[in-house]
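First comes the structure, then the notes that go with it.
The values are calculated or read from the model by the stated rules, or taken from the named source; none is laboratory data. Computed from a prediction, not measured in an experiment: that's the story for all the values here. Please note: Cβ atoms are built from the backbone with ideal geometry, for glycine as well, and neighbour counts cover all protein chains shown.
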């Protein structure tokens, strides 16, 4: 092809092609400079754009998770504040019921003070509502729409839950915090006693009494024990047992706590559960456990079944709650309980080194409040653990969101320093290409000089 053709200007075509390429690159660079992104849409890089979109969706999800966790933290914080105030009321209540044991006190006045303090406890619990969620009231209504907390803790939708802290132990769904604390109907004037029950009882394991003889004098201790008994397998026939009765008449219910020796392989429960009798095994190991350890196991079993129990300095156990009307200690064999005495309240008769006695009304009230303090400490610990866990999840969520945001930036953000240099370069090339095209466009007109004078 001739280089001197007016039909085809090769120089202009080459210059134009170079100018188009430069303009295309310049447009892309200007877009990156203006948006700050090297991948702003799928056309820029389909794979990177898809990955970035997925990460951005996760970041948006984490933002929602963070909002949910912030909500949960406020719910728990509200309940924790209420518990702190309730603890102050319990301290005052402890002083009030202790004063009731003094001679010359006006018990009616003290009872009115007790009633006011119990009402304050329930008021604090009811008021600890945040956006309809209340962890200290086991009922809805009056602005309360939920009694437990569920917060989304991850973009996969998994939920962190905080349960309601009111455990009615078989009570109604409208049970109050004072029910859980064992303080409903707390009475210092006599008659109905303290706590939710009618009486309080003390069970004392004989000091210095061999632990095996305490439970069954016919049972031998394992080798190496100081006991002189010789038949370690008789616990299959007879178990020591504490029987607690709640309520009276048709509403009476018994809780039979049988002491089961795990060291003796043949040991088994002797009582049969029924609609009116709940049987609970109190496990111990006669080869290793001391009397104190067995008492601790018994106390745990009592507490787990809704009774208030406080260990005294002498090691004995004060028991209240659940409408308690009778406590006996003895042995049970083939379903027959033998307490060694016929009682209608608690018995003061010693039985194999164990005595059961009834607490005074003042002692019952003090025990009920002491147990309430311990129960509230457990609630406070639960809420504190929940707050710590929510804070931990919040910190992780924040760190994960930052990491994903940095990842998206690494994939899609433009290097503006490099793009600035590139922009200068392309602008220069654009000017040169334009100049070259201008020169090329002038070339055909130079052919006219060949035809001058013709």
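Would you check if there is a residue in the range 100-110 being within 15 Å of residue 183 (Cβ to Cβ) and buried (at least 22 other Cβ atoms within 10 Å of the Cβ)?
yes
Please tell me if residue 22 is in a helix (DSSP H, G or I), touching a helix residue (DSSP H, G or I) at 6+ places or on another chain (Cβ under 6 Å) and either at pLDDT 75 or above or buried (at least 16 other Cβ atoms within 10 Å of the Cβ) (or both).
So residue 22 passes the test.
Condition (residue is part of a strand (DSSP E or B), in contact (Cβ under 8 Å) with a residue 24 or more places away in the chain and touching a strand residue (DSSP E or B) at 6+ places or on another chain (Cβ under 7 Å)) applied to the range 167-186: is it met by at least one residue?
Scanning the range 167-186 turns up no residue that is part of a strand (DSSP E or B), in contact (Cβ under 8 Å) with a residue 24 or more places away in the chain and touching a strand residue (DSSP E or B) at 6+ places or on another chain (Cβ under 7 Å).
Considering each of 126, 96, 78 in turn, give the residue that is touching a residue at least 12 places away in the same chain (Cβ under 8 Å), closer than 20 Å to residue 393 by Cβ and assigned to a helix (DSSP H, G or I).
Just one listed residue meets the conditions, 78.
Given (1) over 36 Å from the mean Cα position of the chain (by Cα); (2) closer than 14 Å to residue 324 by Cα; (3) touching a residue at least 12 places away in the same chain (Cβ under 8 Å), identify the lone condition not met by residue 270.
Every condition holds for residue 270 apart from (2).
Can you pull out the residues in the range 261-296 that are buried (at least 19 other Cβ atoms within 10 Å of the Cβ) and part of a helix (DSSP H, G or I)?
Selection gives 291, 294, 295.
Residue-by-condition table, conditions (1) closer than 22 Å to residue 439 by Cβ; (2) modelled with pLDDT of 70 or more; (3) under 44 Å from the mean Cα position of the chain (by Cα):
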{"site": "1", "(1), (2), (3)": "yes, no, no"}
{"site": "12", "(1), (2), (3)": "yes, yes, no"}
{"site": "34", "(1), (2), (3)": "no, no, no"}
{"site": "60", "(1), (2), (3)": "no, yes, yes"}
{"site": "65", "(1), (2), (3)": "no, yes, yes"}
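For the range 307-315, indicate whether the set of residues that are in a loop (DSSP other than H, G, I, E, B), in contact with a helix residue (DSSP H, G or I) (Cβ under 9 Å, 6 or more places away or on another chain) and buried (at least 20 other Cβ atoms within 10 Å of the Cβ) is non-empty.
Yes, the range 307-315 contains at least one residue that is in a loop (DSSP other than H, G, I, E, B), in contact with a helix residue (DSSP H, G or I) (Cβ under 9 Å, 6 or more places away or on another chain) and buried (at least 20 other Cβ atoms within 10 Å of the Cβ).
Out of 202, 123, 150, 169, which single residue is closer than 23 Å to residue 297 by Cα and modelled with pLDDT of 75 or more?
On the way: 123 fails: closer than 23 Å to residue 297 by Cα; 150 fails: closer than 23 Å to residue 297 by Cα; 169 fails: modelled with pLDDT of 75 or more.
Answer to the check: 202.
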